[in-house]
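Taking it in order: structure first as structure tokens, then the write-up.
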Amino acid sequence: VNSNIKFLLIFFLSVGQVLLLIGGFNWWVDPYDIYHPAEYKSNDPTWVSKQLRLAKAYRIRQLKPQGIVIGASTSQLGIDPDHPGWSEKVYPRYNIAMPGANLYESFRYFQHSHALNPIKQVLIGLDFVSFNIFYQLSDDFNESYMVVSQEGKPQDHNLTNWVVTLFSLTAIKASQKKFFYRGAGTHFSNGTEIGDKLGLQTRNNRSSMMWSATTFVTRMLMPPPSHRFCLDDGVRENPSFQYLRQILEAAKENETDVRLFIQPTHVYYLEVLKIMGMMGDYEKWRHQLIDLVEGVNKKFPKSLKFYLWDFSGYNTVTMDEVPPAKELKRSMDWYYDIGHFKKYLGDMIQ
């Protein structure tokens with residue numbers, strides 16, 4: 001019996017030491033910038049884990065921004081919240097847009113931000129694919145990251161998140177990547193992705209445009225596992241429109257200044273929609289957005305009016321010339337691929 005007790009004691013002490021070592025390493029490396037975050041200097045480059053939803057949720061807790069950018073990867077890459085188009089009185093400002101974010105995620109991060117500090121200004125980038133009723137939540141989204149529930153009630157999952165950020169396998173992998181990373185950074189401190197970081201410099205050429213056009217259908221327009229697109233099933237209102245309306249109505253009630261815009265995708269994007277016979281859905285989506293914004297404005301006639309800017313369509317910018325086959329590595333002026341535009345274009349939007 002004594003030998004069994006001794007064995008168990010040694011076993012649990014050994015496990016405890018290993019966990020302590022793992023937790024200490026993850027705390028020291030701090031892959032999510034939770035335990036000793038860097039000072040906020042909006043344009044300083046910083047390394048951010050690919051678990052963006054966790055990292056940005058905690059960055060919001062630290063910064064408590066007054067101005068936020070909402071959207072998917074297009075907004076994360078192209079919109080700079082340090083642009084002079086924002087009010088100087090609104091500070092700090094943070095880009096909470098994330099790759100593959102649908103409107104439910106955007107709604108929850110808006111709630112999360114507003115619960116920590118009333119939001120004064122919001123810029124919302126709208127992507128057609130995000131309104132597909134078959135578009136699923138990202139794998140790394142977790143309700144426990146939010147300080148409030150969907151109903152707006154305070155919630156505390158600090159213990160769970162503490163375990164995840166210090167002792168999980170994903171935390172160990174993230175720490176390893178950060179520890180061995182030798183680049184300047186993946187994002188600016190204000191949450192905007194660095195467009196000229198390793199990998200994107202070679203993306204803005206003919207081959208990347210061709211690749212993005214061919215993979216757009218299977219990855220974004222009709223994503224797995226269903227590989228279907230539906231804007232309206234005729235049974236109930238599209239949930240994405242509901243969540244967008246909730247964001248706008250909450251902003252109206254709190255006198256938040258909101259600007260919305262339809263992403264200026266490259267014309268190759270529209271040509272793909274034409275080939276797929278989906279331009280009717282695209283036009284319907286645009287008109288539904290107009291009706292939604294107008295409806296919210298009419299519901300709150302005495303508040304600040306919200307405007308929807310449409311930068312889509314065929315124009316000199318969206319018709320940015322794709323380099324010919326003999327100039328494969330020539331950069332495009334405004335785009336990285338059919339959906340992602342450069343900061344120069346994002347500055348024009350603002």
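The values are calculated or read from the model by the stated rules, or taken from the named source; none is laboratory data. Quick caveat: nothing in here was measured; it's all calculated off a predicted structure. Quick reminder, even Gly has a Cβ in these numbers, built from the backbone with ideal geometry, and neighbours come from all protein chains shown.
Close Cβ contacts (under 8 Å, 6 or more residues apart or on different chains) running from residues in the stretch 232-257 that are in contact (Cβ under 8 Å) with a residue 24 or more places away in the chain and more than 21 Å from I133 (Cβ to Cβ) to residues that are outside any loop (DSSP other than H, G, I, E, B) and among the aromatic types (F, W, Y) comprise A250/F110. Scanning the stretch 249-286 for residues that are farther than 20 Å from V317 by Cβ, in contact with a strand residue (DSSP E or B) (Cβ under 7 Å, 6 or more places away or on another chain) and crowded, with 19+ Cβ neighbours inside 10 Å yields a count of 3.
If we keep just the residues of the stretch 163-183 that are surrounded by 10 or more Cβ atoms within 10 Å (Cβ to Cβ) and more than 23 Å from the chain's Cα centre (by Cα), which is farthest from L20 (Cα to Cα)? Write out each step before concluding.
Initial filter on the stretch 163-183 (surrounded by 10 or more Cβ atoms within 10 Å (Cβ to Cβ)): 163-168, 170-179, 181, 183.
Applying the additional criterion that residues be more than 23 Å from the chain's Cα centre (by Cα) yields 163, 166-168, 172, 176, 179.
Values: V163: 12, L166: 9, F167: 9, S168: 12, I172: 13, Q176: 17, F179: 18 Å.
Among residues in the stretch 163-183 that are surrounded by 10 or more Cβ atoms within 10 Å (Cβ to Cβ) and more than 23 Å from the chain's Cα centre (by Cα), the one farthest from L20 (Cα to Cα) is F179.
There is at least one residue in the stretch 84-103 that is touching a residue at least 60 places away in the same chain (Cβ under 8 Å) and either part of a helix (DSSP H, G or I) or over 27 Å from I262 (Cα atoms) (or both).
Here the condition is being assigned to a loop (DSSP other than H, G, I, E, B) and in contact with a strand residue (DSSP E or B) (Cβ under 6 Å, 6 or more places away or on another chain); of S303, S312, it holds for S312 alone.
Any residue that is under 21 Å from the mean Cα position of the chain (by Cα), over 17 Å from F134 (Cα atoms), hydrophobic (A, V, I, L, M, F, W, C) and outside any strand (DSSP E or B) - is there at least one of those in the stretch 260-281? No, the stretch 260-281 contains no residue that is under 21 Å from the mean Cα position of the chain (by Cα), over 17 Å from F134 (Cα atoms), hydrophobic (A, V, I, L, M, F, W, C) and outside any strand (DSSP E or B).
Residue under question is S3, and the condition is that it be outside any loop (DSSP other than H, G, I, E, B) and buried (at least 16 other Cβ atoms within 10 Å of the Cβ); does it hold? Give the derivation first.
On the way: outside any loop (DSSP other than H, G, I, E, B): yes; buried (at least 16 other Cβ atoms within 10 Å of the Cβ): no.
In short, no.
Of all the criteria given as (1) more than 22 Å from F107 (Cβ to Cβ); (2) modelled with pLDDT under 95, the one not satisfied by L304 is (1).
Would you mind stating whether L159 is of a type in the set (A, V, I, L, M, F, W, C), at pLDDT 95 or above, over 15 Å from F261 (Cβ atoms) and out of contact with any strand residue (DSSP E or B) (no Cβ under 6 Å at 6 or more places or on another chain)?
No: the conditions fail for L159.
Please specify each residue of the stretch 134-149 satisfying the condition of being within 11 Å of R108 (Cβ to Cβ) and either surrounded by 14 or more Cβ atoms within 10 Å (Cβ to Cβ) or among the basic types (K, R) (or both). Those that are within 11 Å of R108 (Cβ to Cβ) and either surrounded by 14 or more Cβ atoms within 10 Å (Cβ to Cβ) or among the basic types (K, R) (or both): L137, F141, N142, Y145, M146, V147, V148.
Only one of L304, L289, L345 is surrounded by 18 or more Cβ atoms within 10 Å (Cβ to Cβ) and more than 18 Å from S208 (Cβ to Cβ). Can you tell me which? Lay out the reasoning, then the answer.
On the way: L304 fails: surrounded by 18 or more Cβ atoms within 10 Å (Cβ to Cβ); L345 fails: more than 18 Å from S208 (Cβ to Cβ).
The match here is L289.
Being in a loop (DSSP other than H, G, I, E, B), touching a helix residue (DSSP H, G or I) at 6+ places or on another chain (Cβ under 7 Å) and either small (G, A, S) or modelled with pLDDT of 95 or more (or both) is a condition met by no residue of the stretch 233-241. If I go through the stretch 36-76 residue by residue, how many of them are part of a loop (DSSP other than H, G, I, E, B), closer than 22 Å to W162 by Cα, out of contact with any Gly (no Cβ under 7 Å at 6 or more places or on another chain) and touching a residue at least 40 places away in the same chain (Cβ under 8 Å)? Here the count works out to 6.
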